[in-house]
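Below is one structure, written out as structure tokens, with a few remarks after it.
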Amino acid sequence: MRNRRIHIALLTSLLLLGTAAEAGDPGGNEIGRTTEKELNVVISSSFGKVVVEKGEPQKIIVGEALDEESRALTMDYSIRNRVGFLDINLNPDKEPADHKNGSFHFGDLKNSKWLLRFTDAMPIAFDIELGVAQGEFDLTGLQVKDFNLSCGASNVVVSFDELNTESMNELNVQCGVGKFEGRHLGNANFKRFRFEGGVGTATLDFSGAINSEVDVDVNVGMGLCTIIVPKEVGARVFYDESLVSRLDVEKDIRAVDETSYVSDNFKSASGRMNIRVETGFGSVKIRRPK
């Protein structure tokens, strides 16, 4: 009788452990899907590298270390009113190594390299903050309802290789120092895109599926920004020229007055972009794909 009770207790413990693993343990590297209908994700990385891409439908997140130095993910997760709230800190208790004379190279980023795969079964809002870090955000196949990215000294790529099935009111990117590349942003399905760059280079490629009228706000401090507008999309550009900044537009985008330009196909195009450009000491180029 005593042995039977022990066997029952062991079986119960194993079942409880299995249930906890399926629901997800914030101390581990994955969280299973339960009752959530949508997801809010906050990602913080002071330094290192983070890669985001589509994962399994039944897994809210699966984290995979890309090097031997990365440990278990630091995650806080809760569900309220069938909305999942996930907070990920990729390096909570590490400090970047000192560099002689204050110099820094992106090749020095050797700590905390993570691949994060998110469920494609529900809408996701991303709020991402990077310090001195590298980021590769392949949002192809994810249901992105909101995307906010803030970078310090970073090298970042954001891509939408397929049409986002969720509509975004705003897609916001803010970069301090470094390099930013947006690929197939026309597939992001946004109503307003905001980019703010400090020092560095940025390429904003809006190829994809722009079939309505959208707003694009670009503010460049001392950097160079290239905006690529698909040939079939109409463009209207608003820009206040100054002695220390420069705007260079494609030949089919013609000056209407001192502060605005309009493409030849703006009235006839089904997809249109209203582009507002502000620059300090920077330079902005508006190009068509070759």
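A few points about this structure:
Let's see how each residue does on (1) surrounded by 15 or more Cβ atoms within 10 Å (Cβ to Cβ); (2) within 15 Å of residue 219 (Cα to Cα); (3) touching a strand residue (DSSP E or B) at 6+ places or on another chain (Cβ under 7 Å):
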{"residue": "247", "(1), (2), (3)": "yes, yes, yes"}
{"residue": "250", "(1), (2), (3)": "yes, no, yes"}
{"residue": "254", "(1), (2), (3)": "no, no, yes"}
{"residue": "263", "(1), (2), (3)": "yes, no, yes"}
{"residue": "268", "(1), (2), (3)": "no, no, no"}
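- Filtered residues of the range 159-192 (kept if β-branched (Val, Ile, Thr) and either closer than 18 Å to residue 215 by Cβ or in contact with a Pro (Cβ under 7 Å, 6 or more places away or on another chain) (or both)): 173
- Among the conditions (1) basic (Lys, Arg); (2) surrounded by fewer than 17 Cβ atoms within 10 Å (Cβ to Cβ); (3) touching a Ser or Thr at 6+ places or on another chain (Cβ under 9 Å), the only one that residue 272 does not satisfy is (2).
- Selected residue (only one of 163, 139, 130, 115 is in contact (Cβ under 8 Å) with a residue 40 or more places away in the chain, closer than 20 Å to residue 63 by Cβ and either touching a helix residue (DSSP H, G or I) at 6+ places or on another chain (Cβ under 8 Å) or not hydrophobic (A, V, I, L, M, F, W, C) (or both)): 139
- Matching residues in the range 226-264 - criterion: being in contact (Cβ under 8 Å) with a residue 24 or more places away in the chain, of a type in the set (S, T, N, Q) and either in a loop (DSSP other than H, G, I, E, B) or more than 23 Å from residue 172 (Cα to Cα) (or both): 242, 245, 260, 263
- Some residue of the range 173-188 being more than 17 Å from the chain's Cα centre (by Cα) and at pLDDT below 95: no
- Restricting attention to the range 113-148, the residues that are within 12 Å of the chain's Cα centre (by Cα), closer than 24 Å to residue 177 by Cβ and among the aliphatic types (A, V, I, L, M) total 3.
The values are calculated or read from the model by the stated rules, or taken from the named source; none is laboratory data. Predicted, not measured: the structure shown is a model, and the values here were computed from it. Neighbour counts run over all protein chains shown; Cβ positions are idealised from the backbone, glycine included.
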